[in-house]
Amino acid sequence: GFAVDFSEDRTATNWGIEFSWTADKDFVNSEVPSLRSDSDVLALTVSVDRPTFIHFLNRERTFFFNMQWFVEYIPDHVGIGDDDSYRGYAVDGPVSALGVFTLETGFFQDRLVPSATFVYDVRSESGAVALDMRYRFSAEFTVTIGMNHFYGPGDSYITPIGFGALGESNQTYRSERYSRLNAVRERDELFAVFRYTF
């Protein structure tokens, strides 16, 4: 793989690009007798951030905006059917994309730091919203409160049954699969963290 970081003066943004190639990664595959297949995996990560003053919201500090995209391609991924509902591989593919957007700023000489993060997975239509606010009372004592909300529709897909030593069956059943952030879509959280350093 390779990675490159650079600044773009016209838009005052900072960019990071990473690309990797993994050969013969193991995957669960329900379409073959061994229930496993090898495939190369190509992964691309693009990150762009920009510190920006929004004076009517914060006159002293910039807002830090960061967007990241994680794109993965599995060349040998198996998906059959008009709606791609029959999947041999247990992971989404052949292309999956996950986006993350974060913004953060600081008030009162960075004693109060609110931040928000939004996550969205394109293929599974699942995502998350994470909000938190940290207040530093002193160098030793910090309190953080926040919430995490997850959402997604869940996937309905078809799986063959009777697949084994006697050969492949044409019988199927439909079941629910919770991929990506769908798996935690009912795990919303409210939290408070008290940190004391000694």
Only one of GLY81, GLY1, GLY93 that is modelled with pLDDT of 80 or more, farther than 30 Å from MET133 by Cβ and of a type outside the set (D, E, K, R): GLY1
So PRO160, is it surrounded by 14 or more Cβ atoms within 10 Å (Cβ to Cβ), at pLDDT below 90 and farther than 28 Å from LEU42 by Cα: yes
Among residues of segment 23-48, those that are open to solvent by 50 Å² or more (accessible area, probe 1.4 Å) and among the hydrophobic types (A, V, I, L, M, F, W, C), counted: 5
Filtered residues of segment 95-117 (kept if surrounded by fewer than 17 Cβ atoms within 10 Å (Cβ to Cβ) and not in a strand (DSSP E or B)): PHE108, GLN109, ASP110, ARG111
Matching residues, segment 1-41, being β-branched (Val, Ile, Thr) and either part of a strand (DSSP E or B) or under 30 Å from PRO51 (Cβ atoms) (or both): VAL4, THR11, THR13, ILE17, THR22, VAL28, VAL41
Considering residues of segment 118-141 that are touching a Phe, Trp or Tyr at 6+ places or on another chain (Cβ under 7 Å) and either open to solvent by 70 Å² or more (accessible area, probe 1.4 Å) or not aliphatic (A, V, I, L, M) (or both) only, the residue nearest to LEU57 (Cα to Cα): PHE118
Yes/no for ILE54 being open to solvent by less than 90 Å² (accessible area, probe 1.4 Å) and more than 25 Å from ASP92 (Cα to Cα): yes
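The values are calculated or read from the model by the stated rules, or taken from the named source; none is laboratory data. Given the structure is predicted, the values throughout are model-derived calculations rather than measurements. Glycine gets a Cβ as well: all are built from the backbone with ideal geometry, and neighbour counts include every protein chain shown. Surface accessibility is based on the protein's heavy atoms, side chains included, excluding ligands, DNA and RNA. Shrake-Rupley method; radii C 1.70, N 1.55, O 1.52, S 1.80 Å.
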